[in-house]
Amino acid sequence: MLVKQYFIAMKIILRTFDLRLKHTFTISRESYDTKTTLIVELQSNGYSGFGEATSNPYYNITIGSMKNNLEKIIPFIEAITDETPEVFWHNAHKLLRNDMFALCALDIAYNDLYAHKKEKKLYELWGYSTNHNPKTDYTIGIDSIEKMALKMKEMPWPIYKIKLGTKEDIAIVTELRKHTNAIFRIDANCGWTVPETINNAIELRKLGVEFLEQPLKADNWKGHKEVFNHSVLPIIADESCIVEEDVAKCHNNFHGVNIKLAKCGGLTPARRMITTAKKLGMKTMAGCMTESSVGISAIAHLLPELDYVDMDGALLLAEDIATGITINDGIIKYSELNGTGVSLIS
């Protein structure tokens, strides 16, 4: 663990951790056993707020780049007083527009800190009711069919997200269906072609699949339109929906959007993206990037505004670095603490 600490009116502390996974995690384009994450802590008036963003080779994000970009704007951070999260994000975005992951960690930490100062949980500060929150899925990474089935047996769950993008995709889902009556969601992570998507959707619907997530490469907009018009299953954008402007672009090309806090720059823009998607009649989803309970707990406060959620990142870890929300059988329980409800494990 590396720690950098700065002491002025608003203090910022940067910590890095290696998050070891229970199992090797494989998707169509990569495999990993460990995720490196950056934890941002903001301190002010006796309160602390925590935020997080993990490294990501697909988006060329490293821990070093995030730390360097945050260290460059320390004078800005130290000068912050009681600005609203919206004003804070607007000003921080001007300085971090080329590093949305770093902006995400900073924005989550500031939202957490701001809610602590108001002595409220974040969803309470936003005026959200949590009476009808969606359940989270649990992800099964690509592996041999036998190992994928064993992972499901290890973690019985009401909703599974199944990673695909192989030549055996239908066979995989056919076999997994024999082991559970759970809802299936499929994420091909840009691994299919247009014909594969349209044809696979027909078979997968028979197998109880709810929707397909990002079957085609992110920039294949002609293909997205064709799939949107012909797929018998709804299509949710992920890699094609990164920042706020992408929501409108996805309209009439996807049935919904999966919003990732790290990609869009944090909770503040994510809330605006959800509002835009709802106005356009699109389904709303939030996803994770294999974060600890710091990042996962932040996502939980968006639940009242979501149709679907994939926030199993901390469940995939061999050991967490924080406490926050807890998840049992897909149901999220909030921490008793204010803000996002997070505490680091010392």
Which ones in the range 20-52 are closer than 29 Å to E154 by Cα, open to solvent by 50 Å² or more (accessible area, probe 1.4 Å) and not small (G, A, S)? R20, K22, H23, T24, R29, D33, T34
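Of everything in the range 269-285, what is open to solvent by 10 Å² or more (accessible area, probe 1.4 Å) and not hydrophobic (A, V, I, L, M, F, W, C)? Give them in sequence order.
Across the range 269-285, the qualifying residues are R271, R272, T275, T276, K278, K279, G281, K283.
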Give the residues of the range 291-309 that are open to solvent by 10 Å² or more (accessible area, probe 1.4 Å) and closer than 16 Å to Y160 by Cα, sorted by residue number. D307, Y308
Among L315, L337, which is part of a helix (DSSP H, G or I) and surrounded by fewer than 21 Cβ atoms within 10 Å (Cβ to Cβ)? L315
Can you name the residue in the range 232-252 that is farther than 18 Å from C104 by Cβ and open to solvent by less than 20 Å² (accessible area, probe 1.4 Å) and, of all such residues, is farthest from the chain's Cα centre (by Cα)? L233
Within the range 2-19, can one find any residue that is open to solvent by less than 80 Å² (accessible area, probe 1.4 Å), within 17 Å of S292 (Cβ to Cβ) and within 17 Å of the chain's Cα centre (by Cα)? yes
How do the pairs read when you match residues in the range 105-133 that are within 16 Å of S335 (Cα to Cα) and open to solvent by 30 Å² or more (accessible area, probe 1.4 Å) with residues anywhere that are among the aromatic types (F, W, Y) and outside any helix (DSSP H, G or I), using Cβ under 6 Å and keeping only pairs 6 or more apart or on different chains? H116/Y47
I'd like to verify a number: residues in the range 232-281 that are out of contact with any Gly (no Cβ under 9 Å at 6 or more places or on another chain), among the small types (G, A, S) and outside any helix (DSSP H, G or I), how many? 4
Neighbours by Cβ (under 6 Å, 6+ apart or cross-chain): first from the range 160-178, free of Cβ contacts under 8 Å to residues at least 60 places away in the same chain; second open to solvent by 40 Å² or more (accessible area, probe 1.4 Å): I170/E203; I172/I145; E175/I145
Picking from S55, S65, which residue would you name as being closer than 13 Å to G295 by Cβ, at pLDDT 90 or above and open to solvent by 20 Å² or more (accessible area, probe 1.4 Å)? S55
For the range 155-228, please list each of the strands (runs of 3 or more DSSP E) lying entirely inside it that holds at least 1 residues being among the β-branched types (V, I, T) and within 17 Å of S28 (Cα to Cα). 159-163, 183-187
A270 passes all but one of the listed conditions (1) touching a Cys at 6+ places or on another chain (Cβ under 6 Å); (2) free of Cβ contacts under 8 Å to residues at least 24 places away in the same chain; the exception is number (2)
Provide a single number: the residues in the range 261-311 that are over 21 Å from V87 (Cα atoms) and not aromatic (F, W, Y). 30
Search result, residues across the range 46-89 that are touching a strand residue (DSSP E or B) at 6+ places or on another chain (Cβ under 8 Å), within 27 Å of S240 (Cα to Cα) and assigned to a strand (DSSP E or B): G51, E52, A53, T54, I61
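The values are calculated or read from the model by the stated rules, or taken from the named source; none is laboratory data. In this text the structure is predicted, and so the values were computed from the model without any measurement. Glycine also receives a Cβ, built like all others from the backbone with ideal geometry; neighbour counts cover every protein chain displayed. Each accessible area value is taken on the protein alone, full model and side chains, heavy atoms only, with ligands, DNA and RNA left out. Shrake-Rupley method; radii C 1.70, N 1.55, O 1.52, S 1.80 Å.
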